[in-house]
Amino acid sequence: MAALEPGTRAPKFSLPDDKGHAHSLSEGLAKGPVLLVFFKVSCPTCQYALPFFERLHQRLAGAPLSLWAVSQNPLDHTNAFRREFGVETLPALFDSDDEGYPVSNAYGISHVPTSFLIEPDGKISLSGVGWSQDDTAAMARRLGQAGGEPALTLFGPQENVLAFRPG
């Protein structure tokens, strides 16, 4: 199954965070747009991409939106990844292997990282499979608008950022 396309209604879900508290899509959408980034700790492209999503999360702290990294790994492995790659403030939710990754399957995840920007109406407006600088910049611009920063740029002019890297 391919990842869900823009225009598709996002599947509802509820996933626990690292403290066991459940977070649902409807809870996130009540605040504003939701950005989901599915990842695995062993994925080199995830190791490259997640620090950029961490940066985005930090720049938009307090804005009316939700950014969640959805881990397909156990808590201890995910926490080690977060420390190693400096992804410590971006909230992590956990899609359980014990349950057959129900949320990943509902979203059609076949490669990681895969990201979805979900608008308050519940529809996916942007998605990306693997790392794409253009897709990530577009998501950052949209979230910047929602957060009151319409000119938000995620990448510095002198920063050497890969244009694309498959997941």
(message) Show the residue pairs meeting these rules: Cβ distance below 9 Å; 6+ apart or different chains; first residue within segment 110-123 and within 15 Å of Asn73 (Cα to Cα); second residue among the basic types (Lys, Arg) and assigned to a loop (DSSP other than H, G, I, E, B).
(response) Val112/Lys40; Pro113/Lys40
(message) Which of the numbered conditions does Glu27 fail, given that it passes all the others? Conditions: (1) acidic (Asp, Glu); (2) exposed (fewer than 15 other Cβ atoms within 10 Å of the Cβ); (3) under 12 Å from the mean Cα position of the chain (by Cα).
(response) (3)
(request) Give me a count of the residues in segment 61-107 that are within 14 Å of the chain's Cα centre (by Cα), assigned to a loop (DSSP other than H, G, I, E, B) and under 25 Å from Thr8 (Cβ atoms). (result) 6
(request) Scan segment 43-77 residue by residue and report those that are hydroxyl-bearing (Ser, Thr, Tyr) and free of Cβ contacts under 8 Å to residues at least 12 places away in the same chain. (result) none
(message) Being out of contact with any helix residue (DSSP H, G or I) (no Cβ under 9 Å at 6 or more places or on another chain) and among the aliphatic types (A, V, I, L, M) is true for just one of Ala69, Ala49, Ala61. Which residue is that?
(response) Ala61
(request) Residues being under 22 Å from Gly144 (Cα atoms) and either in contact (Cβ under 8 Å) with a residue 60 or more places away in the chain or within 11 Å of the chain's Cα centre (by Cα) (or both): count how many of those fall in segment 31-42. (result) 7
(message) Test of understanding: among Ala151, Ala138, which residue is under 14 Å from the mean Cα position of the chain (by Cα), over 15 Å from Glu5 (Cα atoms) and either in a helix (DSSP H, G or I) or modelled with pLDDT under 95 (or both)?
(response) Ala138
(request) Look at segment 119-142 and say how many of its residues are farther than 21 Å from Cys43 by Cα and touching a Lys or Arg at 6+ places or on another chain (Cβ under 9 Å). (result) 9
(request) Determine which member of the set Glu88, Glu84 is touching a helix residue (DSSP H, G or I) at 6+ places or on another chain (Cβ under 6 Å) and surrounded by fewer than 21 Cβ atoms within 10 Å (Cβ to Cβ). (result) Glu88
(request) Please give the number of the condition His111 fails out of (1) out of contact with any Gly (no Cβ under 6 Å at 6 or more places or on another chain); (2) surrounded by fewer than 21 Cβ atoms within 10 Å (Cβ to Cβ). (result) (1)
(request) Tell me, yes or no, whether segment 137-151 has at least one residue that is over 18 Å from Thr8 (Cα atoms), touching a residue at least 24 places away in the same chain (Cβ under 8 Å) and surrounded by fewer than 17 Cβ atoms within 10 Å (Cβ to Cβ). (result) yes
(request) Return yes or no: is Glu99 free of Cβ contacts under 8 Å to residues at least 24 places away in the same chain and out of contact with any helix residue (DSSP H, G or I) (no Cβ under 7 Å at 6 or more places or on another chain)? (result) yes
(request) Mind listing whichever residues of segment 46-60 are within 10 Å of the chain's Cα centre (by Cα), closer than 17 Å to Asn160 by Cα and charged (D, E, K, R)? (result) none
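The values are calculated or read from the model by the stated rules, or taken from the named source; none is laboratory data. Remember, predicted model here, so these are calculated numbers, not experimental data. Counting neighbours? That spans all protein chains shown, and the Cβs are built from the backbone with ideal geometry, glycine included.
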